[in-house]
Each structure stands twice: as C-alpha cells, then as structure tokens.
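**Q** Sharing a structure below in structure tokens format, with a few things to ask.
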Amino acid sequence: MMPTMKLNPEQTAAAHYQGQARHLLVLAGAGTGKTRTIIARILFLIQQGVPAERLLMLTFTRRAAKEMLLRLHNEVGKVADSVTAGTFHHFCLQVMRRVPKAFGVEERTVIDRDDAQSLLQMIRGERLKKGEKRDFPKAASILNYVSYAKNCCLELEQYLTQFTELDDHTMGRLVEIAAEYERRKTERRYLDYDDILHLFVQGLEGNPKLRARIAGLYQHVLVDEMQDTNPLQWRILQALSDQASLFCVGDDAQSIYAFRGADFRNVHEFDSRLSSAAILKLRENYRSTQEILDLANWLLAQSSIHYDKDLHAHRGRGLGPILLDFESKFDEAAWIASDLQERHEAGTSWGEHMVLVRSAWSAKTLEGALIERNIPYRFVGGTSLLEAAHVKDLLSLCRAAISAYDELAWIRYLKCWPKIGDATAAKIVQQLIALDPADNPLQVLETALAKRTDIRQGIALIQQYRSEPSTALKLGAEHLGNTLSQRYDRWESRLGDLRLLSELALRYKDLLGFVEAYTLDPVSNTEAEKADQEDCVTLITVHSAKGTEAPVCYCLGVQPGMYPHLRSLGDREAEEEERRILYVALTRAQNELVITRAGDSSQTVFHGGSFVHGASSSYFLEYLPSNLVEYQHFGYHQGHGGGSVLDELLDFE
C-alpha cells in the first residue's frame, strides 16, 4: 500500500484531479502549499499505476529539485529515484547529450557564467576604443542582456530598446559585441547556459519526428513556479504537451521577473493557449494571519486584471498591519533599527525579522542604521553598501589620510588614479611605512609623485577636515569623482552612495570614529559570510524574497514613486508587475507586518497622514481603507545624537 498525504480540500482536488481536461494549471496563492501539492500529485499518479520513470518534474533551481525529490523519497521510498527531476536546463542538456547530432551539439563544451563573462570581457576589450570603455556596459551586464533577450525570444536590439535606457550608439556597439560573442562561441564549440534552451527548442521545432519521440517519453510533466517560465520554456512545454499531460503550479500574482524573460501570459492565458486545459486554485494560506491577507487581497482587487485570488488564513486572526509615515529616510531607518533592537532585548531572536526593500540602493540608509547599532544582518539580493567598490575607494582615501601606515588603504587609493599600477603603489607604500610618526606622508608623495598634485590634494583635503567627517567625505567624493567616473558605470547612481556616506557621517565628531564604525566593525562583511549559521536580521530585495517568510516583516519605502516605480508609469503591464512585486513583499509576513514610508524624496512629502506626490499615475496605497492598517505619523527628529559621557576624557593628558 502506498502512503497518503494529509491535504486540505483544495489541495486534494488538484493532486487527485481526474477530470476531462488533459492539462491542469493550479494557481497556488502565497503560502498555500504548492510544493506539497506537486508531491501529492506525483504520489497519486504512482498510486494510479503511472510508472515513476514516465514522470518529469521541472523546477527553476537544482536546490528545489533536490528538496522535492527528498520529500518524495520520504513518502514513497526508492520509487522516487525513478522520477526524472531537475531544472529546465538540466533536462534539456540530458536529452541533447543522448542525441547530440539531432541538436547540433556534437563535441560542444558547456561553459559556465564565469567563462562566458571572461569571453565577453575579452571581446569587449578588443572591440572598444580606450575612450569608449569608460561608460560602456561591463561584460556582466552585456551577458545579462544577451541572456534575457534570448529567453524573451527577442532580437537583442529589440530587447535593449524595450528594457534598457541605453543610447542608440551604445546599443549598436553592444549588438556588434554580442554578435562576435555568438560567432566566437560557435567557432570554439562552446555552449553557454542560454544556448541549452535555445538549441533544444530549435531542435524540437525543426524536427517533428524528434519532437514526437521526446514528447512520448513522459506521460505527465509537472512544473513548479510556472509564473516564472519564459517564452523559450513555454515552447518546450508546448512541445511536450503533444503527448504528455501538464500539471503546472504557480501564482500569477507573483509573476515579477519580466526583465529576465518571465512571461505573465504563460499563466494568465494557460487555458486559452492549450486545448483541453482546466484551472484550479489553492486559496488556504498557512503562512500569514487573516489581517495580513486582507491587505494583500485588497491590493490585488484594485487591479484591472482579474486575479480572483482571495486568500484566507488557516491560522485565523492576529495582529493588524501597521503603516508608518516618516519625514525622512533617516528617521525611517532609525525607527526600524530601534524597533529591532527593542524586540531583541525583549527576547526575540534577530533571525525572526526580515526587512524587504525595493532595491539594493533603497536599503543603504537602513544598512547605516543597523551597522551603527551593531545589529547583525545579512543582505540578500545585491551588493551591500560597504562592499561596493566605489565606497571602498572613498573610504581608502579617508583611511590613508588618517594613517601613513595603512598599507591596504594607500595601495587602493593610489591605484584609483590613472598610470598608477601595483609596482608604483607598492614602492610608495614602502616609503610611507618607513616614515617617522612625526613626518607627514605628503612629503613622500611630493618626492615620489612630483607632478601628481591631484593625488596629494586628496590627502591634504581629508586631513584638513578630519574634525568635520561629513564635509571631508563630501569633498573627498568630489575630488575622486572624475577618476572614479571613468572606472565605473552608472556613476550618478554610485555618486548617490557617496553622498549617503557623507549624510551618515553627520552623526560623528571626527573622521576616525566614522571610519572605525563603518569599515573596521565586522558587522557588514563577516556577518554576511556566516549568515546561514548565525542569528541575524535578513535585509532582502523583494525580487529575491519569493519563497521566504519571517514572523516579523518590515516593508521599507512603500511610497509614491516606488510602488509603482516611476520608470513603470504609463506602461500598463509594467505597472501591474509593480503591483505584484508589492504583493510578494506583503505576503512574506507570518505574524506582523510593518509598512514604512519616508517623505524626503522628490516624489513625496508626508504631512499629518496625507501626502503630495509628483507621480502622474496612481499610487497603490492611495485609497487604502483605514480599517486595513493601524496608521501612525512620525515627525522629523532634530539632531544626530547628543554627546557621550566619554567626552569627559577629551581633556585628559
């Protein structure tokens, strides 16, 4: 006898479906047990006599496939070993390796992302003139563009026009580099990650006999996270559906990866694209309380798209969401950090808290507040403030001005400048280390770099304003601006990071104190490395948050101009994806949901609960019913911290 799994009525209807439709889409709302339902479906099919080797389960990550197989193995034992499970890429490559000639992949080597990036870096260097390289997209960005275009089934130029803000000249040059990348891959018999799907689809669609043979290998194909499938993956499923039955589980309300190629229509038009298709829904949520779900349900109900997904909480009622307005992003960050600290002091572990942010940039003020209060955190979804190269460059200037013996800082600062390489930097550093403590390092620079007044001026400038750290950082950023803008792309955005450092430094009376707090404290870097083992707050971008949850969630910066984001305005599909991004953020919370807004951006000013915003399109929370949240407004907090009792030591000799 095969075991049975305990399921609720909706899960049972999906897992045990035996209706007339050949293909089934299960719209599984947030926290409704989609993985459990897929495993229950496999178990049911095996019980019905379907050979396990005729089942194919496709996922988006190897980790997800392994977890599902492990759970299936716990239910049915060794029978699970016969189920084919893996990512789309893994499955396609396995098939192509069996019949390489049919797909044109004989003797072709698969290269990983690092190898692909190295090849593009080489071509970029060959094709661009020295003056062009400064503002041109880096190899990693070019690889993303090539990848996303291929997965969207778009010509690269079409993708760049639709999803980027590159100028025509840059787009033209990028298309040339990409064409050379494709040519060189073919010449050297390489396959990159995206070629696997692309060539697989070409093989299926160009050879009807091959298509029929592969489709006939499986009776049932089960797909996890259907809302994340792209046009290439849809074409694979369409080919398999000729003979196999599809069982796809996903959530149209969590389709948030259009920029990577995910096609919302794969879910929303499922029953119209396939003949003999049915749709079932999972609406019983096991994660959140009803008050949190009421807010998420309301958000979707305001859409012109018919999501028809009214989630209800298995756990019943609990605490209502809180909406907090702040006059500035610094007040917002300080309040969250303070609230985290109070909860921890009351006995709650750090790990029970998650802060969801729209982008890595929007997290940086909060990072400063967390570091300042020694709150351990990990950042998921981007480069944290103190790990950014341009931030390290500016801090290296500060550290070098403070100490002639800071070898690492001096080498980094010197190498920021053109025509200063490892050898020159190392030679100067040796002279600095040999200095008498009473000597000024500028004397060494004057001798070693007689004609480089720019390098000496930076050190002199910082030394002059050591007691005014905010001014020192502001002037240091201006001083390094010209040379750094030639090294890094998106300089205006990066310059914002440096301005933020200057604002954070307002709380400090001297530069050394600031540098020690923000670079020598181990919170930012070492905590991130040990995040999986240690108790820490999770700071995460919403795009990285799917599948995650936490007892207490803070949604930071939910203000006009951010939800929907300004760049999406006027594009109905883009604005709707923005709605789904916010929906994903709200539905991560298990017990408590805290939504914060700050009014110091150019788009928004809050006054006593009302706001004025410059966005031409509606703001998602503009007509939020008052009964769905508890509202509070926090006025501006003057000052950046008072004196310390330790100041009494300042006159000690």
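**Q** Using the structure shown, decide if residue 37 is more than 28 Å from residue 213 (Cα to Cα), modelled with pLDDT of 90 or more, under 26 Å from the mean Cα position of the chain (by Cα) and not small (Gly, Ala, Ser).
**A** no
**Q** Sticking with this structure for a sec: Output the residues belonging to the range 101-122 that are open to solvent by less than 80 Å² (accessible area, probe 1.4 Å) and at positive phi.
**A** Across the range 101-122, the qualifying residue is only 104.
**Q** Among the helices (runs of 4 or more DSSP H) contained in the range 123-231, which hold 1 or more residues that are open to solvent by less than 50 Å² (accessible area, probe 1.4 Å) and closer than 23 Å to residue 260 by Cβ?
**A** 139-151, 156-163, 168-187, 193-206
**Q** Go through 141, 82 for me and flag whichever is touching a helix residue (DSSP H, G or I) at 6+ places or on another chain (Cβ under 6 Å) and hydroxyl-bearing (Ser, Thr, Tyr).
**A** Selected residue: 82, the only one of 141, 82 that is touching a helix residue (DSSP H, G or I) at 6+ places or on another chain (Cβ under 6 Å) and hydroxyl-bearing (Ser, Thr, Tyr).
**Q** Right, next: So residue 98 fits all but one of (1) basic (Lys, Arg); (2) at pLDDT 85 or above; (3) open to solvent by 50 Å² or more (accessible area, probe 1.4 Å); (4) under 33 Å from the mean Cα position of the chain (by Cα); what number is the exception?
**A** Of everything listed in (1) basic (Lys, Arg); (2) at pLDDT 85 or above; (3) open to solvent by 50 Å² or more (accessible area, probe 1.4 Å); (4) under 33 Å from the mean Cα position of the chain (by Cα), residue 98 misses just condition (4).
**Q** Just a yes or no: is a residue in the range 293-301 free of Cβ contacts under 8 Å to residues at least 24 places away in the same chain and out of contact with any Asp or Glu (no Cβ under 6 Å at 6 or more places or on another chain)?
**A** Looking for residues that are free of Cβ contacts under 8 Å to residues at least 24 places away in the same chain and out of contact with any Asp or Glu (no Cβ under 6 Å at 6 or more places or on another chain), one finds at least one in the range 293-301, hence yes.
**Q** Given the criteria at pLDDT 85 or above, in a helix (DSSP H, G or I) and basic (Lys, Arg), does residue 392 qualify?
**A** Criteria met by residue 392.
**Q** Show me the helices (runs of 4 or more DSSP H) entirely contained within the range 511-618 in which 1 or more residues are modelled with pLDDT under 65 and out of contact with any Asp or Glu (no Cβ under 7 Å at 6 or more places or on another chain).
**A** Output list reads 523-529.
The values are calculated or read from the model by the stated rules, or taken from the named source; none is laboratory data. Just so we're clear, the structure is a prediction, and the values are computed from it rather than from any experiment. Positions of Cβ are generated from backbone atoms using ideal geometry, with glycine treated the same way; all protein chains shown enter the neighbour counts. Keep in mind that these areas ignore ligands, DNA and RNA; they rest on the heavy atoms of the full protein, side chains included. Shrake-Rupley method; radii C 1.70, N 1.55, O 1.52, S 1.80 Å.
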